[in-house]
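One structure is given below, encoded as structure tokens.
The values are calculated or read from the model by the stated rules, or taken from the named source; none is laboratory data. Please read these numbers as outputs of a predicted model, since none were measured by experiment. Cβ sites come from the backbone with ideal geometry, for glycine too, and all protein chains shown count toward neighbours. Side chains are part of the model used for accessible areas, which takes the heavy atoms of the whole protein and leaves out ligands, DNA and RNA. Shrake-Rupley method; radii C 1.70, N 1.55, O 1.52, S 1.80 Å.
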Amino acid sequence: MPGYKTEDIRNVAFVGHGGTGKTTLADLFLFKAGVTNRAGSVDEGSSAFDRDDDEKDRKSSITSAVGHITHAGKRFNFIDTPGYPDFIGQVAGSLAAVETTAIVISATSGVEVNTRRTFQMAGDTGCGRIIVLNRCDGDNIDFADLVSQIQDVFGMQCIPINVPDQLGPGFSAVLGTLKPEGSGVVDPADYSEPLMDAIVEADEELMEKYMETLELSAEEAAGGITKAIASGTLIPIFCVSSRKDVGVSELLDGIASMCPAPGDVARTSEDGADIAADPSGPVITQIFKNRIDPFVAKMNFVRVFSGTLKKDSPVTSQTGGKPVKITTLNEVQGGDLSAVDTAIPGDIIALVKIEGLHVSDSLGDAKLAPIPFPRPMVGWAVEPKTTADQQKISGALAKVQDEDQTFTVLRQQQTKEMVVYGMSELH
């Protein structure tokens, strides 16, 4: 068994518009947890997550990538996702594997197109949501106006959990709003009452106590925040600068103490039966991502929801109805794999060299609903230069289709053309 329990796991997906610093934050998490000896850089091509040549050339993510750290006694599994809408399918798969979605917003750009889309997608999955307001060290930021913009777009449940001491190059610390002390670019106390109202709204007992005493202990408030995030009555805003490493420690602490554990978010099977995050329960898992690596071969990324998955043990494919032998289980750190013996509810692991498994397939004793993916809209005809290239092209495109659920290949009966469909011309 791993050296942590299911209740100690925090699964988080970083989503948002392109260029907001999601991958930089993920790399900084690894560095601050002591996993790497320096923070990886997207611009320098040293990120632990943007490993493909295309990603390094474009300096932006094309596929989702998984990492993990230990912080404050909690096991974090986090997924870095692409920010451009062309690769939105990678976001859809990742959201099915987590309890918390971190919507990363650039303080210098505000709410952008893909911010809105990924925020809505996260809400549709039932994930808890937090907002990470990155680049608070940027110029020309009006913090109060920015918070108002976020609340106008996403709702009044979006409330700062901390505020910057200063904005621009002088940004050096964040000040908490739950128990406010000092003054920053705004008075932290301005957000204390709305924050407390959002916390107690999700818990009747807490609300009754708060109405009587007008205060809660730190432990009561922290437990209430978790329930409020899970229920959606609170979407806390964390202020950070990944470039200057300001507010990132507070973000890590917040994820550890406030964000939902696997058992805090309701899960059901396709037929509506409740799924408990119980290591001794029936094995219930789902594939949320496939990747075909030229060195490792095919990898299936699996989220465990119930039971304990063990290496060298058979499980049933709910899609094919046949037993599947799990020969190895692997933790994933960017592009690196490490073998493990077991996986418990909340774990995200990779299976390798198993044929016939597809994204959305359920492995174990119950079937989960298929992961919803956007429909591809743009089609291009593909024509091989020679007849001999026909089979090579078909095989290559089939691999891409297996990896990306928003990429499809069809043969038009009338024109006899092979047509590939994706989300955009870039895709």
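Checked against (1) within 25 Å of residue 87 (Cα to Cα); (2) in contact (Cβ under 8 Å) with a residue 40 or more places away in the chain; (3) hydrophobic (A, V, I, L, M, F, W, C), residue 396 passes all but a single condition, namely (2).
Within region 148-170, the set of residues being open to solvent by 40 Å² or more (accessible area, probe 1.4 Å), modelled with pLDDT of 95 or more, among the aliphatic types (A, V, I, L, M) and not in a helix (DSSP H, G or I) comprises 156 only. On inspection, residue 59 does not qualify as among the basic types (Lys, Arg), under 22 Å from residue 303 (Cα atoms) and open to solvent by 40 Å² or more (accessible area, probe 1.4 Å). Taken together, 130, 141 contain a single residue that is without any contact (Cβ under 8 Å) to a residue 60 or more places away in the chain, outside any helix (DSSP H, G or I) and among the β-branched types (Val, Ile, Thr), which is 141. Scanning region 273-293 for residues that are open to solvent by 30 Å² or more (accessible area, probe 1.4 Å) and not charged (D, E, K, R) yields 273, 276, 277, 279, 280, 282, 292.
Residue-wise test of (1) of a type outside the set (D, E, K, R); (2) free of Cβ contacts under 8 Å to residues at least 60 places away in the same chain; (3) surrounded by 19 or more Cβ atoms within 10 Å (Cβ to Cβ).
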| residue | (1), (2), (3) |
| --- | --- |
| 182 | yes, yes, no |
| 199 | yes, yes, yes |
| 211 | yes, yes, no |
| 215 | no, yes, no |
| 228 | yes, yes, yes |
| 249 | yes, no, no |
| 252 | yes, no, yes |
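Checked against (1) at pLDDT below 95; (2) assigned to a helix (DSSP H, G or I), residue 115 passes all but condition (1). Among the residues of region 72-93, those that are outside any helix (DSSP H, G or I), open to solvent by less than 10 Å² (accessible area, probe 1.4 Å) and either over 20 Å from residue 260 (Cβ atoms) or without any contact (Cβ under 8 Å) to a residue 60 or more places away in the chain (or both) comprise 82, 83. When region 33-49 is filtered for residues that are open to solvent by 30 Å² or more (accessible area, probe 1.4 Å) and under 19 Å from the mean Cα position of the chain (by Cα), only 33 remains.
Is it the case that residue 241 is touching a residue at least 12 places away in the same chain (Cβ under 8 Å), of a type in the set (S, T, N, Q) and buried (at least 18 other Cβ atoms within 10 Å of the Cβ)? So residue 241 fits the description; yes.
Every residue, every condition in (1) open to solvent by less than 10 Å² (accessible area, probe 1.4 Å); (2) basic (Lys, Arg); (3) at pLDDT 95 or above, yes or no:
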| residue | (1), (2), (3) |
| --- | --- |
| 29 | yes, no, yes |
| 51 | no, yes, no |
| 70 | no, no, yes |
| 95 | yes, no, yes |
| 110 | yes, no, yes |
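If residue 136 satisfies all but one of (1) open to solvent by less than 60 Å² (accessible area, probe 1.4 Å); (2) modelled with pLDDT of 95 or more; (3) not in a loop (DSSP other than H, G, I, E, B); (4) not charged (D, E, K, R), what's the number of the condition it fails? Of the numbered conditions (1) open to solvent by less than 60 Å² (accessible area, probe 1.4 Å); (2) modelled with pLDDT of 95 or more; (3) not in a loop (DSSP other than H, G, I, E, B); (4) not charged (D, E, K, R), the odd one out for residue 136 is (3).
Yes or no: residue 386 hydroxyl-bearing (Ser, Thr, Tyr), closer than 17 Å to residue 289 by Cα and without any contact (Cβ under 8 Å) to a residue 60 or more places away in the chain? Judged against the criteria, residue 386 is not a match. The conditions of being crowded, with 19+ Cβ neighbours inside 10 Å, in contact (Cβ under 8 Å) with a residue 24 or more places away in the chain and farther than 30 Å from residue 40 by Cα are met by residue 306.
Is it the case that residue 182 is touching a strand residue (DSSP E or B) at 6+ places or on another chain (Cβ under 9 Å) and of a type in the set (Gly, Ala, Ser)? Answer is yes for this residue. Selection of strands (runs of 3 or more DSSP E) fully inside region 313-398 by the criterion of at least 2 residues being touching a Gly at 6+ places or on another chain (Cβ under 7 Å) and open to solvent by less than 80 Å² (accessible area, probe 1.4 Å) returns 313-316.
Scanning region 399-427 for residues that are in a loop (DSSP other than H, G, I, E, B) and touching a residue at least 60 places away in the same chain (Cβ under 8 Å) turns up 404, 405, 406, 407, 423, 424, 426, 427.
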